[in-house]
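Asks: Pasting a structure below so you can have a look.
Read-outs throughout are calculated quantities, based only on the coordinates presented, and are distinct from any laboratory measurement. From a predicted model like this one, the values you see are computed outputs, not experimental measurements. Every residue, glycine as well, gets a Cβ built from its backbone with ideal geometry; the counts of neighbours run over all protein chains shown.
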Amino acid sequence: MPGRPLTPTDPTASSAARLGHEVRMRRLAEGLTLAALGAQVGWSPQHLSELERGRTSVTRACVTALDGALGADGALLDLLPAAVCERAFATQARAAARGATIEDVDPINRRGLLGAGAAAALPVLALDTAPTQAREIDPDLPEHWTALLNLLSKHDDAFGPRAVQGAVRHELGVIAEHRAVARGELRAALMRVESCWSEFGAWLAHDCGDHGGRQGLLERALHLAREADYPDMLAWARARQAQWADAPMALRAAEAGLRTPRASAHTRAMCATRAAYAHARLGDAASVERSVAEADHLVATESRPLPPPDSGMTGLLVRRWEARCWAALNPARAIGMYDDILRDQPRTWVREQGLYLAYLANACADAGELDRARAEGAKALAIARTTKSATATRELKRLGAVLQAA
């Protein structure tokens, strides 16, 4: 006897519906019933049915299991952040409607949102269709997207770039649609927001090993920052250029960022750290010292933060780049610096913990401390497997080559 017909799914109805639709299409393509799939992943057929129709909350554990069982290679996980954020927004709206505060929200859901026990009170905004006229655009959108960017940045810190890359690509398209129609100061505000999202997207592409995508998004961030007269993002994008270029070009990009008129002292400090690292790669220790001193001075002169999502912790960021400089010039000196950084970094920076453990392991190997290099490398590898950071993986490959040759 044939089963009941499937309830149609509409992938455009919501982020949860889009995820559920993708799960159903992949399940049907594999010829699996809900019961068979449930037996594989450990969730009931009823729960999976609700998930496919976008009618239940989604968790990372469930979606990870589904992604593996259906051979999705991360495609389902890419859809998870938008669905989780959507539910958090709806929860916040209900809490606000009854006069509640953020503390009334289920703490388990808040931990699931960021993987770090954090939450953000964000408005729910209907963005199902692109606007056709400027008056259709909600003036709260720039603030909304800035808050969402910070939220996704925290998720990236905890779970790595692939967990949020799909959501960032989607939101960038929506922001661009609104920016194209907006006028006046709202258009400029949306351009500034889009430049921040583009720079963040460039970082995610880099950490996924997509250097072509990184370049395109960084150029987009630079173009928008220029047109919107956004000096902080203009200088910050120059710092990113310097981070990813060869040493002579990196030095030129970092110095251009330092000369950006009206850029904050903190943003210019980041440019100074990239100049220091370029000098380190050129073997110029004296210039490294001068550039690091300039970065420290800039950090001390102004309280304005970096553009989102990289605001705060500027002094720690300077120390991280100083350690990388000495890892290139004097690995033994860098070891203690990396130890201090790993002690002081927020524990929610999971991906960064893995990356800096890999940097520490390489410094130990270069300094001849091979046993410690193996121990720190093993810790880094465990985190890299979870976050899937191409940057950490590249450092661990270099470590493996050094240890094999030793």
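Asks: Which shape class applies to segment 229-355: rounded if a/c is under 1.5, otherwise prolate when a/b exceeds b/c and oblate if not, where a ≥ b ≥ c are the square roots of the Cα gyration tensor eigenvalues?
Replies: Since a/c reaches 1.5 but b/c is at least a/b, the shape of segment 229-355 is classed as oblate.
Asks: Enter the per residue convex hull volume of segment 139-229, computed from alpha-carbon coordinates, in Å³ rounded to the nearest integer.
Replies: Once divided by residue count, the hull of segment 139-229 is 77 Å³.
Asks: On to the next question. Based only on other Cβ atoms within 10 Å, what is the fewest-to-most ordering of Met249, Met270?
Replies: Result, fewest neighbours first: Met249, Met270.
Asks: Using θ = phi - 60° and the Karplus relation 6.51 cos²θ - 1.76 cosθ + 1.60, list the HN-Hα couplings for segment 355-365 in order, rounded to whole Hz, with x at every Gly or Pro.
Replies: 5, 6, 5, 5, 4, 4, 4, 5, 4, 4, 5
Asks: Determine the sum of side-chain charges near Ala253: Lys and Arg each +1, Asp and Glu each -1, restricted to other residues whose C-beta is under 10 angstrom from that of Ala253.
Replies: Residues near Ala253 contribute +3 overall.
Asks: OK, next. By a straight-distance test (C-alpha under 16 Å), which lysines pair with Lys397 as possible cross-link partners, with residues fewer than eight away in the same chain excluded?
Replies: By straight Cα distance, Lys397 reaches Lys379, Lys388.
Asks: Sort Ser264, Ser14, Ser195 so the one with the fewest other Cβ atoms within 10 Å of its own Cβ comes first.
Replies: Ascending number of Cβ neighbours within 10 Å: Ser14, Ser264, Ser195.
Asks: What's the local net charge at Thr393, with K and R +1, D and E -1, over the other residues with C-beta under 14 Å away?
Replies: Net local charge, Thr393 excluded: +4.
Asks: Quantify how much of the Cα-Cα distance distribution of segment 331-406 extends past 19 Å, in percent.
Replies: Above the 19 Å cut-off, segment 331-406 has 27 percent of its Cα pairs.
Asks: Same structure, new question: What order do you get for Glu50, Glu30 when you list them from fewest to most C-beta neighbours inside 10 Å?
Replies: Final ranking by Cβ density, sparse to dense: Glu30, Glu50.
Asks: Under 11 Å from the Cβ of Ala323, count the other residues' Cβ atoms, weight Lys and Arg +1, Asp and Glu -1, and hand me the total.
Replies: Here the count lands on +1.
Asks: Give me the one-decimal nm value for the distance between modelled label points at Met25 and Thr59, 7 Å along each residue's Cα-to-Cβ direction.
Replies: Here the answer is 2.7 nm between the modelled labels.
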